[in-house]
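Student: Pasting in a structure now, in structure tokens, and then I'll have a few things to ask.
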Amino acid sequence: MILFMADTLSHADKKKTEILYERYGKKMFAAANRILNDKSLAEDALQNSFLSIVKHIDRINIYDEDGLEGYVMTIAKNEAIDIIRKRNHELDTIEICEADVWENTDEKVLLREEFDKAVSIMREMDEKYRAPLYLHCVMGYSAKEISDLLKRSIKTVNTQIFRGKKLLADKLKEAGYEH
């Protein structure tokens, strides 16, 4: 898997890393691939994710499966986003000038503010809506994946996502975020 591990990690940390890879590697790859839509780049994101994870492997509790999955999935998604950012920075100055990247700056700031507010509102929601909504909207899981993770029927998950979105939209409207 990760070649540098042989010299830099203790046996226990190597084992922990292997367990993480076996347990979450496919999900992390899938999450990165959904963002990048490129298997080769998703593999790079997965590799970078494990490089990042290994830096803090001594502080990771592999028995905290709920928190751990969110942690490693967030790392994978962030690595995928970093790859996109790096690729975007490689544009020529000419391409940047020709593209209207500055035209939508205010809109992008507003969208980010709205996203941050939405996540904040989700954190305050009742658990029955918060978990499925967060997993679906922020983490990118399908209703089927959420159903499996939360041990709820797919019909229940779909209903909770629908109702959660309605609650979220109402709260965003109250906060002054309207489309």
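The values are calculated or read from the model by the stated rules, or taken from the named source; none is laboratory data. Source: prediction; values computed, not measured. Every residue, glycine among them, receives a Cβ derived from its backbone with ideal geometry; neighbour counts consider all protein chains shown.
Student: Can ALA175 be described as without any contact (Cβ under 8 Å) to a residue 40 or more places away in the chain, in contact with a helix residue (DSSP H, G or I) (Cβ under 8 Å, 6 or more places away or on another chain) and of a type in the set (Gly, Ala, Ser)? Before the answer, list the steps.
Tutor: Details: without any contact (Cβ under 8 Å) to a residue 40 or more places away in the chain: no; in contact with a helix residue (DSSP H, G or I) (Cβ under 8 Å, 6 or more places away or on another chain): yes; of a type in the set (Gly, Ala, Ser): yes.
Spelling it out, it is not the case that ALA175 is without any contact (Cβ under 8 Å) to a residue 40 or more places away in the chain, in contact with a helix residue (DSSP H, G or I) (Cβ under 8 Å, 6 or more places away or on another chain) and of a type in the set (Gly, Ala, Ser).
Student: Are there any pairs with C-beta distances below 6 angstrom linking a residue in the range 57-73 that is more than 22 Å from GLU145 (Cβ to Cβ) to a residue that is buried (at least 16 other Cβ atoms within 10 Å of the Cβ) and of a type outside the set (Ser, Thr, Tyr), with the two at least 6 apart or on different chains, and if so which?
Tutor: From residues that are more than 22 Å from GLU145 (Cβ to Cβ), the pairs are ILE57/LYS16.
Student: What single numbered condition from (1) part of a helix (DSSP H, G or I); (2) over 19 Å from the mean Cα position of the chain (by Cα); (3) modelled with pLDDT of 75 or more fails to hold for ARG152?
Tutor: Only one criterion is unmet by ARG152, namely (1).
Student: A further question on this structure: Would you point out which residue out of ILE53, ILE57, ILE35, ILE75 is under 27 Å from LEU133 (Cβ atoms), over 13 Å from the mean Cα position of the chain (by Cα), of a type in the set (Val, Ile, Thr) and not assigned by TED's automatic domain parsing to the domain that holds LEU135? Full working, then the answer.
Tutor: Details: ILE57 fails: under 27 Å from LEU133 (Cβ atoms); ILE35 fails: over 13 Å from the mean Cα position of the chain (by Cα); ILE75 fails: over 13 Å from the mean Cα position of the chain (by Cα).
Testing whether each residue is under 27 Å from LEU133 (Cβ atoms), over 13 Å from the mean Cα position of the chain (by Cα), of a type in the set (Val, Ile, Thr) and not assigned by TED's automatic domain parsing to the domain that holds LEU135 leaves just ILE53.
Student: Okay, moving on. Identify all residues within the range 131-142 that are surrounded by fewer than 19 Cβ atoms within 10 Å (Cβ to Cβ) and either over 23 Å from TYR24 (Cβ atoms) or modelled with pLDDT of 85 or more (or both); write none if there are none.
Tutor: SER142
Student: Do we find that LEU41 is at pLDDT 85 or above, in a helix (DSSP H, G or I), buried (at least 19 other Cβ atoms within 10 Å of the Cβ) and assigned by TED's automatic domain parsing to the domain that holds LEU9 in this structure?
Tutor: So LEU41 fails the test.
Student: Considering (1) within 25 Å of THR74 (Cα to Cα); (2) at pLDDT 80 or above, say which one VAL109 fails and leave the rest.
Tutor: (2)
Student: Now for a separate question. Do you know which of the residues in the range 8-30 that are modelled with pLDDT under 90 and of a type in the set (A, V, I, L, M) is nearest to ILE75 (Cα to Cα)?
Tutor: It comes out as LEU9.
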